[in-house]
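To start, the structure itself, in structure tokens.
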Amino acid sequence: MARSCYICGKKPERGKKILRTGTGKWIKRRVPRRRRPNLQKITILTEEGKKKVFVCTKCLKRLKKEERVELGA
């Protein structure tokens, strides 16, 4: 099961990596790949209490600004 960000819902995306010939002008082939978000497991403070969730680093930065993250865990 793919994990996603608890706040913004960011999840892995599908894409292609382009392999080129020696000089880089012509495309040799396209290889499938996945782009994964940088998820971190943290403890946040909600109305119900403490909760451990996966959050992307962009949302983590915002939570630290709002002081909703428990920093010792």
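The values are calculated or read from the model by the stated rules, or taken from the named source; none is laboratory data. All figures in this text were calculated on a predicted structure; none of them were measured in a lab. Cβ: placed from backbone, ideal geometry, glycine included. Neighbour counts: every protein chain shown.
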*Tell me which of these E48 doesn't satisfy, since it passes every other one: (1) modelled with pLDDT of 90 or more; (2) exposed (fewer than 10 other Cβ atoms within 10 Å of the Cβ).*
(1)
*Output the residues belonging to the stretch 10-34 that are under 23 Å from C59 (Cα atoms) and surrounded by fewer than 10 Cβ atoms within 10 Å (Cβ to Cβ).*
R14, R34
